[in-house]
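What follows is one structure encoded as structure tokens, with my remarks underneath.
The values are calculated or read from the model by the stated rules, or taken from the named source; none is laboratory data. Bear in mind the structure is a predicted one, so any value in this text is a computation, not a measurement. Virtual Cβ from ideal backbone geometry, glycine too; neighbours counted across all protein chains shown. The area values use the complete protein model at the heavy-atom level, side chains included, leaving out ligands, DNA and RNA. Shrake-Rupley method; radii C 1.70, N 1.55, O 1.52, S 1.80 Å.
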Amino acid sequence: MKTDMQAMVIHHYGKGPVSLERMPLPSMNPNEVRVKIKAASINPIDFKIRDGSLKMLLSYQFPLILGNDFAGEISEVGENVTDFKVGDKVYGRPRKSKIGTFADYISINAEEIAPMPQGLSYEEAASIPLVGLTSYQALNEVIKAKPGDKVLIQAGSGGVGSFAIQYAKAMGIYVATTGSDRGENLIKSLNPDEFINYKEQDFSKVLKDFDGVFDTLGGDNLEKSFQILKPHGVIASISGLPTERNAKKLEKSIFKQGLLKAASLKYQRLAKKFNVNYEFLFMHPSGKQLREITELIEAGKIRPIIDKVFDFKETQKAIEYSESGRAKGKIVVKMED
């Protein structure tokens, strides 16, 4: 019986490379399934975790296997699991305490996976879970957008942006987005209502009275976003700073809550000045939401956008390519058969 597997591992926080090592097969509880991973995608949270920039809210033991979403085939089913069987093709995003998709296998709670969309390859399916759930939750749970609402989605050619535009359009939302000449053709193929070339125009001078902003960039772009919202509009950010509310939700200490309150004070002041709301989104896994996303994919309303597929042994190259910011769409790592 198999007891170990290949995995991409780090041994401490920092910008050092991942290393390919043999690791024990992940243990499994009765509510979990074990999945033979066929493909995984690269996401900015991978290098944020690696660098230690999230360690105030997310703490990990080393050695740590990186990777936050996947597609694969179930190889074993826990005794409490009734919705899945061995051989099912599934995709998902594990909870933050059980990441590790840059590996041959993962054990994951059955509530955090969904059947793979019909007609997609493993590589295409692996590109969806994290960006799909992030977009779903930003638009539905944070911005609470309704059909006809106006939302700015930053960086429309990126992995998150290219999915979010499609999802928002499927919801009936009016979508504005930003990008450059390099990403313009891809972005326009996704049919946003407005495209702003940030090299030629300042979106904060062009847009006004928006209901929401989905911020994927942070920095100056985030600060300018406050200006374009109507009163009580909402910014959902994945690139700004977490707030005291995030620390409370994650049941962190009063000390850490205070630190994050101080760190995010600039955004809270801007929110007060413009009479709007700022929320940092910590996405949570959900097989139920993935099933809704699957329906939209199978209906042809959303398609995977993949820039490049790397072999598993090239995971470090894939991470470096993602960090370069040049990718249009998602970067995927394909496991060896």
Most to least accessible of Asp149, Asp311 (protein chains only, probe 1.4 Å):
Asp311, Asp149
If His11, His284 are ordered by their accessible area, calculated over protein heavy atoms with a 1.4 Å probe, which sequence runs from highest to lowest?
His11, His284
Rolling a 1.4 angstrom probe over the protein chains, ignoring ligands and nucleic acids, what is the accessible area of Arg245 in square angstrom, nearest 10?
100
Which residue fluctuates the most in the chain, going by a Gaussian network model with Cα springs under 10 Å, if the choices are Phe62, Phe310, Phe280?
Phe62
How about Lys146: which lysines have a C-alpha closer than 22 Å to its C-alpha, ignoring those fewer than 8 places off in the same chain?
Lys169, Lys208, Lys230, Lys288, Lys301
Specify the inter-centroid distance of the stretch 1-70 and the stretch 149-175, based on alpha-carbon positions, in whole Å.
29
Applying a 10 Å radius around every beta-carbon, put 178-189, 116-127, 227-238 in order of their mean neighbour count, most first.
116-127, 227-238, 178-189
Taking only protein heavy atoms and a 1.4 Å probe, the highest-to-lowest accessible-area order of Glu320, Glu336 is Glu320, Glu336
Which value in nm describes the separation of the simple spin-label points at Lys2 and Leu265, placed 7 Å from the Cα toward the beta carbon?
5.3
Taking Lys252 as the anchor, which aspartates and glutamates have their alpha carbon closer than 14 Å to its alpha carbon, excluding any fewer than eight residues away along the same chain?
Glu244
Of the listed pairs Lys98/Lys144; Lys150/Lys273; Lys188/Lys330, those with alpha carbons more than 25 Å apart are Lys98/Lys144
Rounded to a whole number, what % of the accessible area of the stretch 166-314 do carbon and sulfur atoms account for, probe 1.4 Å?
48
Matching label for the computed volume of the Cα convex hull per residue in Å³, out of [x] 340; [y] 130; [z] 151, is [y]
Counting heavy atoms of the protein chains only and a 1.4 Å probe, report the per residue accessible area for the chain as a whole number of Å².
45
Grab the Cα-Cα distance for Lys36 and Val86, subtract it from 0.36 nm times how many residues apart they are, and report the gain in nm with one decimal.
17.0 nm
Convex hull volume of the Cα atoms in the stretch 158-197, per residue, in Å³?
51
Sum of -39500 (n - 2.57) over DSSP H runs of 4+, divided by residues of the chain (222 nm, nearest 500)
-8500 deg cm²/dmol
Near Lys2, which lysines are there with a Cα under 16 Å away, not counting those fewer than 8 places off in the same chain?
Lys36
The size of the Cβ-based charge dipole (Lys, Arg +1; Asp, Glu -1) of the chain about the Cα centre, to the nearest 20 debye, is 1060
Heavy atoms of Ser27: accessible area, 1.4 Å probe, square angstrom to 10
90
The chain - percent relative contact order, Cα under 8 Å, separation 6 or more
19
